[in-house]
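Worksheet for the structure shown next.
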Amino acid sequence: MHFRSTLVPTDEASEAAIQDPATECINYYWPALGNANATGTWPIVWLPVTQIPANDTVAQQKFASMNATIPNIAPKGPLGGSLMTATYDVSADPDCWWSVTQCTTPKLQGLSADIASVPEPRTLGYGFDDGPNCSHNAFYDYLTAQNQKATMFYIGSSVSIWPYQAQRAVTDGHEICVHTWSHRNMTMFSNEGAFAELYYTLEAIKLATGFTPQCWRPPFGDVDDRIRYIASQLGLETIIWKYDSFDYVTSLPETTIQGNYDYLISNLTAGTFDTVGAIMLTHELTNFTMQLAVHNYPMLAAAFDHLVPISVAMNKTQPYVESNFTMQSFADYAAGHPKPSASNSSSGGSNGTTGGSVAGSSAGVTVQPHNAVVLVLALLGTACYL
Ligand SMILES: [Zn+2]
């Protein structure tokens with residue numbers, strides 16, 4: 001028997017209770033967004049923010065306060081075009097441009113190094129990019145059933161139109177970081193555009209959840225010292241990765257992407273993470289990427305000593321500007337999340353998708369209908385997401 005609500009959600013709890021992914025993705029009215037749009041102080045969702053909206057004097061003043069100190073590094077290509085890698089001095093790498101050199105230690109004085117690994121040995125900094133996906137309830141239900149917290153890198157446009165989905169991350173105890181407003185290459189923006197892409201994502205997350213993140217991840221990893229500086233002025237640490245699942249590449253066969261998950265574990269087995277842990281790029285983007293995350297969770301949890309949000313791995317117990325939300329220290333989280341043994345790996349409760357039995361080896365992921373992590377692709381346009 002199926003009983004599915006067709007009610008439009010009015011708050012986080014009613015949205016989180018929706019089981020049907022198509023219903024989850026029905027747009028709903030959110031008064032705060034309506035008010036922001038009405039006052040002309042809000043960017044258009046999914047369009048790159050090249051200018052601060054004319055009515056937003058608060059943002060204009062904040063940008064003006066930092067603009068004169070932003071390092072004089074030119075944008076690295078036209079928005080919508082290609083990165084100008086051919087004219088860049090790769091060997092000197094004066095701007096610590098990750099896209100061409102994977103540089104994570106800024107050349108500019110005063111900037112912190114990017115977080116590309118976690119300091120705790122045999123630990124995975126566990127997180128997902130490109131949320132909130134409108135239909136992520138089944139995935140978040142799964143994480144909750146595993147008592148697993150993660151770092152969620154949220155796109156401002158998605159937070160704006162799916163605020164209750166964003167609120168769910170806070171309710172479930174996940175950490176939220178910024179993943180820009182429109183998911184474009186950040187080094188291509190002007191100073192004002194780069195500021196606005198980060199600023200309005202912060203504003204959207206604050207509006208939706210009440211909290212202001214202190215971390216961000218550049219889409220496609222595209223960051224240089226100019227963008228790092230603008231982010232730092234907004235109180236944002238840059239989080240990157242050293243391992244990539246490539247789960248977002250739709251042209252790759254599933255076996256190849258699964259091989260990237262397997263490669264991470266083989267590195268663990270080989271001792272690569274005996275002194276410093278890992279961060280791998282994975283996504284809350286599509287049915288496929290979330291299904292694969294569910295499929296791999298038992299293997300990751302069994303292999304690594306700890307799977308933790310990145311703030312936990314960094315012992316950053318106050319992840320937001322606001323002090324009324326705390327994450328556990330690494331020691332406290334580890335004590336409360338013992339590594340599963342082979343005999344209790346299916347202790348996730350009623351979800352029934354634990355134990356590595358979710359995915360078959362054939363194309364696609366098949367689960368029992370009542371346990372299915374059935375999700376639909378969020379409407380993210382046609383861009384290649386990373
Ligand atoms: Zn992304």
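Laboratory data are not the source of any read-out in this text; all were calculated from the coordinates shown. Note that this is a predicted model, so its numbers are computed, not measured. Cβ: placed from backbone, ideal geometry, glycine included. Neighbour counts: every protein chain shown.
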Subject >> Restraint check, Lys206/Lys242; Lys149/Lys339; Lys107/Lys242; Lys62/Lys206; Lys107/Lys206; Lys76/Lys206, Cα-Cα greater than 23 Å >> reply: Lys206/Lys242; Lys107/Lys206; Lys76/Lys206
Original post:
Ranked by Cβ crowding within 10 angstrom, fewest neighbours first, how are Asp141, Asp130, Asp332 ordered?
Top reply: Asp332, Asp141, Asp130
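Out of all Cα-Cα pairs in the range 1-121, roughly what percent, to the nearest whole number, are more than 18 Å apart? Walk me through the numbers before you get to the answer.
On the way: 5367 of 7260 pairs.
Of all Cα-Cα distances in the range 1-121, 74 percent exceed 18 Å.
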**OP:** Based on other C-beta atoms within 10 Å, arrange Leu108, Leu143 from fewest to most.
**Re:** Leu108, Leu143
Original post:
Between exposed chymotrypsin sites (Phe, Trp or Tyr not before Pro) in the chain, where DSSP calls loop and at most 12 other Cβ atoms lie within 10 Å, what's the longest gap?
Top reply: 30-386
Subject >> Dipole of the chain, positive direction: furthest Cα of Gly125, Gly277, Ser311, with charges on the beta-carbon >> reply: Ser311
Original post:
Roughly how many whole Å is it from the C-alpha centroid of the range 285-337 to that of the range 121-197?
Top reply: 13
Original post:
How would you order 49-56, 277-284, 230-237 from highest to lowest mean count of nearby Cβ atoms within 10 Å?
Top reply: 277-284, 230-237, 49-56
Original post:
What's the extension gain from Ala54 to Tyr28 if we count 0.36 nm per residue and subtract their Cα-Cα distance?
Top reply: 6.7 nm
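Please quote Rg/Rh for the range 29-91 to two decimal places, taking the Kirkwood radius as Rh and restricting both calculations to Cα atoms.
1.12
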Subject >> Paramagnetic reach from Ser112 in the range 77-105 [backbone N under 17 Å; point 7 Å along Cα→Cβ] >> reply: 104-105
Subject >> Length added when fully stretched, Met84-Asp11, from 0.36 nm per residue minus Cα-Cα >> reply: 21.8 nm
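Return Lys339, Lys149 ranked ascending by Cβ neighbour count within 10 Å, so the fewest neighbours appear first.
Working: Lys339 14, Lys149 24.
By the 10 Å Cβ count, ascending: Lys339, Lys149.
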Subject >> Approximate spin-label separation Asn37-Asp332, in nm, with each point projected 7 Å along Cα-to-Cβ >> reply: 4.0
**OP:** Evaluate 2.2 N^0.38 Å with N set to the residue count of the chain, then give the Cα radius of gyration divided by it.
**Re:** 0.96
